[in-house]
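Here's the structure we're looking at; comments come further down.
The values are calculated or read from the model by the stated rules, or taken from the named source; none is laboratory data. Not measured: the values here are computed from a predicted model. Positions of Cβ are backbone-derived with ideal geometry, glycine not excepted, and every protein chain shown enters the neighbour counts.
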Amino acid sequence: MTIATLGLGGNIGNPPAAMAQALSTLALHDDCNLLAVSHLYSTPPWGKTDQADFFNCCAMIETTLAAVALLDLCLDIERDMKRVRLERWGPRTIDIDVLTFGDESIVTERVEIPHPRMTERGFVLLPLADIAPDIRVKGRDIVSWLSDADTTGIKRANEKREWWTLPFPEV
């Protein structure tokens, strides 16, 4: 079994409900065990800024899948939830990124782990610090990376860590 971390986000429709659905799908998958889910955060858009704010969270899973198979599972969940990729960093119903996969460093045409831009993104590091503050990426732990990250405008969007198991009002 390998411990992996995932970043989830979205800004179209009801992103908290979409992320909850994705987390439930992962939790029910035979090859995955959902270990922890971060708080839910409201985040200003990054990269392409002329769009609605995002909701973001991170999850920690234990899996028997190989890294590429985990990526494929995440992409399958996105497709099943009608994710359409029209523009880089553009609006989306759901996005699921494999952030880390054990302590492995993997670079192929299909996947790069640790996620190549995760240490630059406050919207990844803040929720990841909720569940995995001591994970080391590029020689530094998540809390150390977070201390250097821009978290301007990022707000906790819920009080309960179990947010993803609750009914969701329309956002």
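Numbers for the structure displayed
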quantity: Single match in 96, 131, 106, 77 (criterion: of a type in the set (A, V, I, L, M, F, W, C), in contact with a strand residue (DSSP E or B) (Cβ under 7 Å, 6 or more places away or on another chain), more than 16 Å from residue 23 (Cα to Cα) and surrounded by 12 or more Cβ atoms within 10 Å (Cβ to Cβ)); calculated: 106
quantity: Single residue of segment 20-51 satisfying the filter (closer than 18 Å to residue 156 by Cα and among the hydrophobic types (A, V, I, L, M, F, W, C)) that is surrounded by the most Cβ atoms within 10 Å (Cβ to Cβ); calculated: 37
quantity: Where a residue in segment 19-37 is in contact (Cβ under 8 Å) with a residue 60 or more places away in the chain and within 15 Å of residue 7 (Cα to Cα) and its partner, wherever it lies, is of a type outside the set (A, V, I, L, M) and part of a helix (DSSP H, G or I), with Cβ under 7 Å and at least six apart; calculated: 19/164; 20/164; 23/164; 37/164
quantity: Test: residue 111 is more than 16 Å from the chain's Cα centre (by Cα), among the β-branched types (Val, Ile, Thr) and either modelled with pLDDT under 95 or surrounded by fewer than 21 Cβ atoms within 10 Å (Cβ to Cβ) (or both); calculated: no
quantity: Residue ranges of strands (runs of 3 or more DSSP E) in segment 1-106 with at least 1 members modelled with pLDDT under 90, closer than 17 Å to residue 117 by Cβ and of a type in the set (Lys, Arg); calculated: none
quantity: Residue match in segment 155-165 (condition: part of a helix (DSSP H, G or I), at pLDDT below 95 and exposed (fewer than 13 other Cβ atoms within 10 Å of the Cβ)); calculated: yes
quantity: Criterion violated by residue 50 - all others in (1) within 24 Å of residue 133 (Cα to Cα); (2) charged (D, E, K, R); (3) more than 14 Å from the chain's Cα centre (by Cα) satisfied; calculated: (1)
quantity: Some residue of segment 136-149 being surrounded by 12 or more Cβ atoms within 10 Å (Cβ to Cβ), part of a loop (DSSP other than H, G, I, E, B) and either charged (D, E, K, R) or touching a residue at least 40 places away in the same chain (Cβ under 8 Å) (or both); calculated: no
